[in-house]
Amino acid sequence: MVVKNMMQKLTEQEKISKDILIQLFEETYNAGALCCRNAPGYPVLSSKGSLPAVLGYDTEESLLKDNVLFVDLVFDEDKDSVLKVMEKAVAENSSFSIEFRCHGRDGMPVPLCGAVVYLKNTGHILLTFIKTDETIWDRIFRLLPCGICRVAVDNVFTIMQANEIYYDIYGYTSADAAAAGFTNEKFIIHPDDFESVRHEVGHCLELMDSPTFEIEHRVIMRDQSTGWVLVKGYIDKAGGECFLNCVLLDISDRKKAEEELRVSEEQNRIAFLSTENHMDIYDVKTHVLEHPYDDGDDERPNRLENVPYSVIAAGQVEGDSIRDYMQLFDSISKGNPEGRCTIQMAARDGGAFGWYEIKYRLIFDKSGSPERAILSYKDVTSQREKSLAYEKWSRFFEQQKASSLGYYEYNLTKNLYAGSEESLLNTLPSHIQSFTEAVGYYVEHCVYEEDWKKYLQFYSRDRLLSAYYSGTKTDYIEYRRIRDGNVVFWAAGTVQLISDPYTEDVRAFILVQDIDDKMQRRIRMKNQIEVDSLTTLFNRGTVVKKITAGLADKETGCRSMLAMLDIDHFKDINDTYGHQFGDRVLGDIGKVLSSMAYSHDVYGRMGGDEFILFLTGIHSADTAEKRLLEIISSLNIEYDNPDTTVSVSIGAVYPCGSLTFETLYSAADAALYESKKGGRNRFVIRHRAF
């Protein structure tokens, strides 16, 4: 780079004397310079600087004997390589780096490095040197296996200095780069990345939290291919000017590997979502089970802690399979590289229990300890059922009669009642002889009204026959039934479809069981995950998720309003009457809001005394204001002990339209601030155009 700068000065002065030229080089090179004539052996004309002393001579005169040739100063073993550099400089009229050994006066080789420049206008060759053992940093600059450059902080990042490896990263030599116009970073940075690089550098310069920075960006190689470089730099503001001293590493291979890994991961994700298999990742040390791919119909939380115990406690594994399930995770903990088991567990979509073959493979850390297990789940319900004989299933249902609410057999092919019914529930009237009649009777007399549609769809004769011939032999439904006294409870219907071994008619064995305790546990567990225990409203994470889902429906968004609500002077309430009374107020607010929620509304507590309301089915601005007025009025709560009145303030946005949750939340929060600033116990609504 220094040679390049000197050459720029030389071209500005075509008739410059050789003594001045040498002086220019002396400014940079501490061992001085020689001026030679372009002739065989390169006769030395003059010397400047400390070069005679470096070689062990007393004076310049003692070095420059009569007709001394430059090649005679060069160590014999280095002459060929030096002559090639000299000849190339003359042939290309350019500058080159040079490194060789000279004869010292004592006969010992003196290592030198520097530059050789041919001056076409004068016919002279200039050589300028530094003593190698005195310039270790120059050697590092030249020999480090990475690109090094110093660039100016201007509009194009002009290159002030760079080593050969810097140019080699892009497929150039320094000479090639100069010829191609590669004198600044803009020449090489990918056009789509240049502005972002400028922005990042400008941001670092503006903040100056640290003089160092790190940037990754794309570059255009000499062959026009796209590569990647990692730039680690230091901001140098010496002398009032600003420069970037940078180290560059070619990370094209790393980026390619990252992209291949990303594509591979995406392929794996698509592969899993395109099959009936599921996959989980289990952290052996924290006992956390995560489901990495969202398949759209998974009702189970994507993250489960305290596994396997929490899964068992939630009733996700059938009793007979618990032992095998525990043994599988015990095998993982012991570091067995792989394992498998087949168990009966609940489907991820919250539907029927089925049989799943679980396989795992372990990933170990650097110390050889088990770190993660990759578990895959394959639904083998159909395969397992096919292996069970007709008699085995008959015995199974026979054994279940004692603990069931009802046991029924039907011939689906002929649509006939099969003649055996044992039930602790409602008994079929004698005139009902077909399966479809029985289903209609139970819907009318036994099934909770809100589950009629689900029940009729599940027990559709056409659906069950189609399922059987499609390979499904077992089906399962959870629904609500009514006991005497109109008591609602949860029941499960298990249907086993079996081909009669004698007639090949499809027979349906139906077992009805009371699962109310299990369902209540499941509901409680879900509530613990989704509900704020103090107010019984949705907690922050759940309410954000549900509102976001509601906004995804364009029609719902156009008829909805988002409102933020908090309790007026709640801090004073806590300070005056204590946190116990404050908790009571929060609970009362939650009860009132719950009682006012419409079927598709979403109410939640964001934290502290801040609540969020997603009100649906609002068709006009008048309706929106009436809803908020009703809420404000209902939450004006008077207390006798202590004697105080609680009120709330509300800020709302209507309609929600196609806005994101974050945008709506920010707008409603601003409206709430305006409401409180205007006197509290009131609401402010920001109306948007439809």
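The residues on offer are ARG372, ARG348, ARG395, and the sole one that is at pLDDT below 85, out of contact with any helix residue (DSSP H, G or I) (no Cβ under 7 Å at 6 or more places or on another chain) and surrounded by 14 or more Cβ atoms within 10 Å (Cβ to Cβ) is ARG348.
Among what's in the stretch 306-338 and is small (Gly, Ala, Ser) and at positive phi, pick the residue that is surrounded by the most Cβ atoms within 10 Å (Cβ to Cβ). Only one residue fits best here, namely GLY315. Report yes if some residue within the stretch 444-457 is outside any helix (DSSP H, G or I) and either in the same structural domain as GLY354 (by TED's automatic domain parsing) or closer than 20 Å to LYS414 by Cβ (or both); otherwise report no. Within the stretch 444-457, not a single residue is outside any helix (DSSP H, G or I) and either in the same structural domain as GLY354 (by TED's automatic domain parsing) or closer than 20 Å to LYS414 by Cβ (or both).
Is it true that ALA33 is within 23 Å of ALA179 (Cβ to Cβ), of a type outside the set (D, E, K, R), surrounded by 15 or more Cβ atoms within 10 Å (Cβ to Cβ) and at pLDDT 80 or above? It would help to see each step written out before you state the result.
Values: within 23 Å of ALA179 (Cβ to Cβ): no; of a type outside the set (D, E, K, R): yes; surrounded by 15 or more Cβ atoms within 10 Å (Cβ to Cβ): yes; at pLDDT 80 or above: yes.
Judged against the criteria, ALA33 is not a match.
THR494 passes every criterion in (1) modelled with pLDDT under 85; (2) touching a strand residue (DSSP E or B) at 6+ places or on another chain (Cβ under 6 Å) apart from (1).
In this structure, is GLN161 polar (S, T, N, Q), at pLDDT below 90 and outside any helix (DSSP H, G or I)? So GLN161 fits the description; yes.
Here GLY107 fits the description: more than 28 Å from ALA178 (Cα to Cα) and exposed (fewer than 15 other Cβ atoms within 10 Å of the Cβ). The selection criterion, being modelled with pLDDT under 95, in contact with a Pro (Cβ under 7 Å, 6 or more places away or on another chain) and basic (Lys, Arg), holds for ARG688.
Of the residues examined, VAL151 is not one that is in a helix (DSSP H, G or I) and modelled with pLDDT of 85 or more. Has the stretch 451-460 got any residue that is of a type outside the set (Lys, Arg), surrounded by 15 or more Cβ atoms within 10 Å (Cβ to Cβ) and touching a Lys or Arg at 6+ places or on another chain (Cβ under 6 Å)? So far as the stretch 451-460 goes, yes, one or more of its residues are of a type outside the set (Lys, Arg), surrounded by 15 or more Cβ atoms within 10 Å (Cβ to Cβ) and touching a Lys or Arg at 6+ places or on another chain (Cβ under 6 Å).
Mind checking which residues of the stretch 604-638 are surrounded by fewer than 18 Cβ atoms within 10 Å (Cβ to Cβ) and in contact (Cβ under 8 Å) with a residue 24 or more places away in the chain? Show your work before the answer.
Step one: list which residues in the stretch 604-638 are surrounded by fewer than 18 Cβ atoms within 10 Å (Cβ to Cβ), which gives 607-608, 610, 617, 619-623, 625-626, 629-630, 633-634, 636-638.
Of everything in the stretch 604-638, those that are surrounded by fewer than 18 Cβ atoms within 10 Å (Cβ to Cβ) and in contact (Cβ under 8 Å) with a residue 24 or more places away in the chain turn out to be GLY607, GLY608, GLU610, GLY617, HIS619, ALA621, GLU625, LEU629, GLU630, SER634, ASN636, ILE637.
The rows are residues; the columns are (1) under 39 Å from the mean Cα position of the chain (by Cα); (2) of a type outside the set (Phe, Trp, Tyr); (3) more than 27 Å from LYS545 (Cβ to Cβ).
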| site | (1), (2), (3) |
| --- | --- |
| GLY617 | yes, yes, no |
| PRO642 | no, yes, yes |
| TYR654 | yes, no, no |
| TYR665 | yes, no, no |
| ALA668 | yes, yes, no |
| ARG688 | yes, yes, no |
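Each residue in the stretch 546-565 was checked for being in contact with a helix residue (DSSP H, G or I) (Cβ under 6 Å, 6 or more places away or on another chain) and either surrounded by fewer than 16 Cβ atoms within 10 Å (Cβ to Cβ) or part of a helix (DSSP H, G or I) (or both), and 6 of them qualify.
For HIS600, state whether it is under 40 Å from the mean Cα position of the chain (by Cα), outside any helix (DSSP H, G or I) and without any contact (Cβ under 8 Å) to a residue 60 or more places away in the chain.
Numbers: under 40 Å from the mean Cα position of the chain (by Cα): yes; outside any helix (DSSP H, G or I): yes; without any contact (Cβ under 8 Å) to a residue 60 or more places away in the chain: yes.
Yes.
At least 1 residues being under 24 Å from PHE581 (Cα atoms) is the threshold, and among the strands (runs of 3 or more DSSP E) wholly inside the stretch 608-690 those reaching it are 610-615, 637-639, 644-646, 648-654.
Close Cβ contacts (under 9 Å, 6 or more residues apart or on different chains) running from residues in the stretch 141-160 that are at positive phi to residues that are at pLDDT 85 or above and part of a helix (DSSP H, G or I) comprise PHE157/GLU185; PHE157/LYS186; PHE157/VAL197; PHE157/ARG198; PHE157/VAL201. Considering the stretch 467-494, the residues that are part of a loop (DSSP other than H, G, I, E, B) and touching a residue at least 40 places away in the same chain (Cβ under 8 Å) include one that is farthest from ALA508 (Cα to Cα), namely GLY471.
The values are calculated or read from the model by the stated rules, or taken from the named source; none is laboratory data. Computed from a predicted model, the values in this text were never measured in an experiment. For neighbour counting, all protein chains shown are included, and Cβ atoms are generated from backbone atoms with ideal geometry for every residue, glycine included.
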